[in-house]
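Here's the structure, in structure tokens; my notes come after.
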């Protein structure tokens, strides 16, 4: 999506996201890309690699664009704003997601966040991909790893649950929602466009 400032000017697209982690993963900043020319000049070191950033509170509304309630001139740059303990999503994607025993279960391929900024990871690959393939749902379902089962982020993303608990949760909810997912797939096919179904893995073990 294009990002539009308060004056109606297109000021870029979302290049990256940053998060903090203190008991839960929480969205912190959106990082804007510049024009293609600016990005090229930065890539060949003819322009400082600086990008405007904003927090979710600056978003006025989201439709086909992201509309901010502030002007581009009021946005601070990434070098001055992003703290050392913030985690970029581009770095998060490089980390393995492992269970409480260190068994690999996949990688983060996307994020899902609530309006309060608490963030869940959309996971794929490895064990998760195999499970979806076994149900014939790989291209239609995203597995959500909720914030409350993420216990640490350093050289990997470690969960508080075991692989077996995670698999049991995934199997259970896919079976429960099989007809719903099938109907959504057929409706999407009838309209000639894909539609993702998001399955919150391990939801039974979360807080009420």
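Structure data summary
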| quantity | calculated |
| --- | --- |
| Sole exception among (1) in a strand (DSSP E or B); (2) modelled with pLDDT under 80 for residue 185, by number | (1) |
| Sole exception among (1) under 30 Å from residue 138 (Cβ atoms); (2) out of contact with any helix residue (DSSP H, G or I) (no Cβ under 6 Å at 6 or more places or on another chain); (3) at pLDDT below 90; (4) surrounded by 13 or more Cβ atoms within 10 Å (Cβ to Cβ) for residue 1, by number | (4) |
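Conditions tested, residue by residue: (1) in contact with a helix residue (DSSP H, G or I) (Cβ under 9 Å, 6 or more places away or on another chain); (2) closer than 30 Å to residue 57 by Cα; (3) crowded, with 16+ Cβ neighbours inside 10 Å.
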{"site": "99", "(1), (2), (3)": "yes, no, yes"}
{"site": "104", "(1), (2), (3)": "yes, no, no"}
{"site": "107", "(1), (2), (3)": "yes, yes, yes"}
{"site": "112", "(1), (2), (3)": "no, yes, yes"}
{"site": "117", "(1), (2), (3)": "yes, yes, yes"}
{"site": "120", "(1), (2), (3)": "yes, yes, yes"}
{"site": "124", "(1), (2), (3)": "yes, yes, yes"}
{"site": "130", "(1), (2), (3)": "no, no, no"}
{"site": "138", "(1), (2), (3)": "yes, no, no"}
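The values are calculated or read from the model by the stated rules, or taken from the named source; none is laboratory data. As the structure is a prediction and not an experimental result, all values here were calculated from the model. Reconstructed Cβ throughout: ideal geometry from the backbone, glycine too, with neighbour counts over all protein chains shown.
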